[in-house]
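See structure below.
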Amino acid sequence: MPRHTLIAYVEDKPGVLNRVASLFRRRNFNIESLTVGRTEQAGVSRMTVVMDTNEHGARIVEAHLYKLVNVLRVDDLTHKRALNRELALVKVRTTPETRVQALQLVDVFRARVVDIEAGALAIEVTGTPEKIDKFELMMRDYGIIELVRTGAVSMARGRESIGANPPLVHAELANGNGAVAPAPVSGVAMAH
Amino acid sequence: MKLTGAEIIWECLKREGVDVVFGFPGGAILPAYDALTKYPEIHHVLTRHEQGAAHMADGYARASGKVGVAIATSGPGATNLVTGIATAMLDSSPIVFITGQVGSKTIGTDAFQEVDVTGITLPITKHNYLITKAGDIAQAIREAFYIAKSGRPGPVLVDITKDAQQQTAELEWEKAAPRLPGYRPRLRALPSEYHRATEMINAAKRPLILAGQGVIKSGATDELLQFAGTAHIPIAVTLLGIGGIPATHPLNLGLMGMHGEAWVNQAIQQADLIIACGMRFDDRVTGNLKTYAINAKKIHIEIDPSEVNKNVQVDVALLGDLREVLGELQPSVHAAEHAEWHASIAAMKGDSAVRDIQNLPDSGHLYAAHVINDLWRLTRDHETIVVSDVGQHQMWEAQYFHHEKPRSLITSGGLGTMGFALPAAIGAKFACPDKEVWVVCGDGGFQMTLTELATIAQEKIKINVAIVNNFYLGMVRQWQEFFYDKRYSNTPLIGPDFVKLADAYGHKGLRVTKRAQVETAVQEARAHAGAVLIDFRVEREDAVFPMVPAGADLHNMIRRPHRQKDVPTKTADDRDWEMPAVATTAATPPASLHPPSAPKAKTTKAAAPKP
């Protein structure tokens, strides 16, 4: 199933993360990653949700997110020109023989060594989730001791800010499925 | 004006126009109950169980169109509300629930009667609040009322800690106005969508309106009738849509779905355009989605965007308040007759009407359908509210009690909550003290909340209760008869002597065993000043027809038998109804496991043959 990246601006209030997470559980959607942090606006947090779903599912999630009183704005970056970045910390087992090779790969991936001890390297790598996947794959040869990924954060390219202010008419929803290809029949049963 | 948090609660309720609340006191809500003594203008109805309070607030809200209020203490008080909250959520009832919570310092310590109420009710409320400071109470309550009644209505819970009730704070009403930047209850569709919709409506040859509860919630009866009348479009109603348009209106076909009339479901399958008005394509309405109304284009007029394309893919969605949307559509709808379409529906109707139990002579036995139809005849000239419970009697009520006015039927549709009727009727009576209120319930559901008979006694209100008593959990028994080879696992049940029970609570009790006694009993009940309970001993193994088995195609229904048998069927061989072949296969395993039978659905006229 295709991957969808949704951005949700939410009020920075207690329990909001729980409301969003519960929604995915309640409606039976799989979250691949969910990150949350503050934004340029005081009192507004921003979530990046990466999920496995088809177009129909993404529209359903979007509509349900909007139903949450604390959700200010939802955007689907899947079909937009967007920056997707993730950070990972990888602790790799090294021997004097393999260390140089590992360091070369660190260079290739433009990653950074953030800690070094006899027998281990801690590496910080940022990039698209796909790049991190690949780096992880390469490091596996040396033996990964520990790995942590932040999950993707995303932002649309271009000059404009999406901002937390909702549009007056929410085009995709107001359009019915006019703007969206009808989902296959198999998608129908999903929401229930 | 400095007030305690407890006083702020009541002050806010008063300013929101509340004059009656339903509740049950306890430790964490004690400060609020103490402060209530200073507010004689608010009447508190003491229930016997918090679930009763929740259903009463629900019945009040549905009968009046106003926001109902229920109040309970922390822990078990709050958890007892849960069934009522979920009932209100599924049926979009505007209710504000207020619960006490342990002191803010002890939250998270598993203190006595502490439970995570906001966590528990998160998926079954439209929104909820945990308030730990007296200064935050006013805004939370104002927002709760606003959220509960605006947009698609629903329940909102405000959980208030005991110390917040005890602290004092300044009540600044204006400053406490709702601030909800993310809440958008009013949506509007684009003009281009209206244009597409009217083109479809004007081009349709076999249009059909599906009217749901939205008609009632939005007060769109007149607009819908005008709209339907202009283009002569027949209307089918959902269970909760009953009363939204008069039962006797010539365009009203009747109930759709699992226990809808055959001609209504056939009309849905044959229509070339479906205009869904304030309904959500529930599985009890659609049957198998793969074969549901596949000949029809679909327009969905809906206030909640998350309902659009959820179960059924539609061609145009008109978001917004139904009354406003219909008002905008009306000028561009062309007058039409659709005579051919009406003639074909009439033909289907003629075929079904002969099977109707109402057209059969009185055989001396008491059938629930007769009871309900007689009840309707005897009360039709009066302003009557029927509150039905959940099960067979609920379906018979929907089929044989003909509701002419909005809010004259109150029933738990989405959640199907047994035990709803009696407490909801109490709430309805408080909303409409001048109306005659009848509870129609089964002996099973009645026994779940009969404790509220004491509330009726304490409040000295007049409610009539018709128990359709077959000594079975009838609907489950019917499923066992149809789909589980008559293995009646745990469906036969005994109850108390309901006449004596009524007497014990200080009410009048009557028993009816023959159809000839129905009228006398109903008139006696109506004439009696106090509450009356009638124990209708009906045919034990009667079934609700027609029936679309769960997950089966809408046009493949189990039809009414030609002759209503006097003797209940004892074996599978002498049953007088016929299971459609498609239905048998679809009913047992999940429908999704079966290949789509789309080609079959094209020949709807040939479907569901009967000898």
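For the pair B:S192 and B:E383 in one chain, pulling the backbone fully straight at 0.36 nm per residue adds 64.5 nm over the alpha carbon distance.
With a cut-off of 11 Å between beta carbons, the residues surrounding B:Y472 carry a summed charge of -3, where Lys and Arg count +1 and Asp and Glu -1. Taking only the C-alpha atoms of chain B, the Rg (one decimal) and the largest Cα-Cα distance, Dmax (whole number), read 24.8, 77 Å. The slack between A:Q101 and A:A122, meaning 0.36 nm per residue of separation minus the straight C-alpha distance, is 6.1 nm.
For each pair in B:K149/B:K349; B:K290/B:K349; B:K2/B:K162, compute the distance between the two Cα atoms and list the pairs where it is over 27 Å.
B:K149/B:K349
Taking amide H as placed 1.01 Å from N in the peptide plane, the amide H of B:V20 sits under 5 Å from that of B:H43, each at least 5 places away or on another chain. Extension gain, B:I494 to B:R15: 0.36 nm times the residue separation minus the Cα-Cα distance gives 167.7 nm.
For the stretch A:83-149, the Kirkwood hydrodynamic radius from C-alpha pairs, put into Stokes-Einstein at 4 °C and a viscosity of 1.567 mPa s, yields a diffusion coefficient of 112 µm² per second. When the Cα atoms of the protein assembly as shown are aligned to their principal axes, the ranges along those axes come out at 99, 68, 56 Å in descending order. What pairs from B:K133/B:K310; B:K205/B:K405; A:K80/A:K134; B:K217/B:K462 go past 32 Å between their alpha carbons? Flagged as over cut-off: B:K133/B:K310.
How big is the shadow of the Cα convex hull of the stretch B:356-537, averaged over all directions, in nm²? Each step should come with its number before you reach the end.
Values: hull surface 41.7 nm².
Taking a quarter of the hull surface, the average projection is 10.4 nm².
Approximating the spin labels as points 7 Å out from Cα along Cα→Cβ, the A:T150-to-B:A516 distance works out to 8.6 nm.
Each Lys or Arg adds one and each Asp or Glu subtracts one; over the other residues with Cβ under 11 Å from the Cβ of B:K462, this totals +2.
Separation of the stretch B:156-182 from the stretch A:29-66 is 29 Å, based on Cα centroids.
Computed from the coordinates by the stated procedures, all read-outs in this text should not be read as laboratory data. These figures come from a predicted structure and were not determined experimentally. Quick reminder, even Gly has a Cβ in these numbers, built from the backbone with ideal geometry, and neighbours come from all protein chains shown.
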